[in-house]
Amino acid sequence: MRYLVTIHEDTLELDVEPRPTGGYRVLGPEGREFVVESLASGAGIQSLLVNGRTVMVLPSEGEVRLGEQRFAVRAENWQERRLAQGNAKDSALARAIAASMPGRIVRVLCEVGSRVEAHAPLIVIEAMKMQNELCAKTDAIVRAVHVSVGQTVERGTLLVELE
């Protein structure tokens, strides 16, 4: 089955197939192949072995941990993607920038009424001593900014609305 996996602002297409001996064969960009095996799960954490490296997945948090590094991740299969594309509500959500993790707002890089280009950073959020830029997905105009520097936000909090 084909999945779209978004890590920060990059989206990858991955083909995932079960292996006869267990685990999964994952075919990634440029034909790169990975073997993924489940190690353990519990308390909202899934531990995977990916080509010999341990990766911790926190599905409820939308997060992957590789060593000390943490990445905001979203995965969806092609059927889910098609349903989302056909839904007008989801297209409105594409114009909303929400916190992908709990954290503290470090910088607000946009103002109401300003024009922003695709991939322009709008908000910098600090989570677990790492700063993450949240960027515009398309060219747009900032309709509303709902946060200020120093504010603490939860995952899913609406930060910026675009039109």
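None of the figures in this text is laboratory data; all of them are computed from the coordinates on show. Since this is a predicted model, take the numbers as computed values, not measurements. A quick note on method: Cβ atoms are made from the backbone with ideal geometry, for glycine too, and the neighbour counts reach across all protein chains shown.
Miscellaneous remarks
- Qualifying residue in the stretch 1-18 (condition: aliphatic (A, V, I, L, M), exposed (fewer than 15 other Cβ atoms within 10 Å of the Cβ) and farther than 30 Å from residue 153 by Cα): yes
- Filtered residue count, the stretch 121-163, keeping only those that are surrounded by fewer than 16 Cβ atoms within 10 Å (Cβ to Cβ), over 15 Å from the mean Cα position of the chain (by Cα) and of a type in the set (Gly, Ala, Ser): 3
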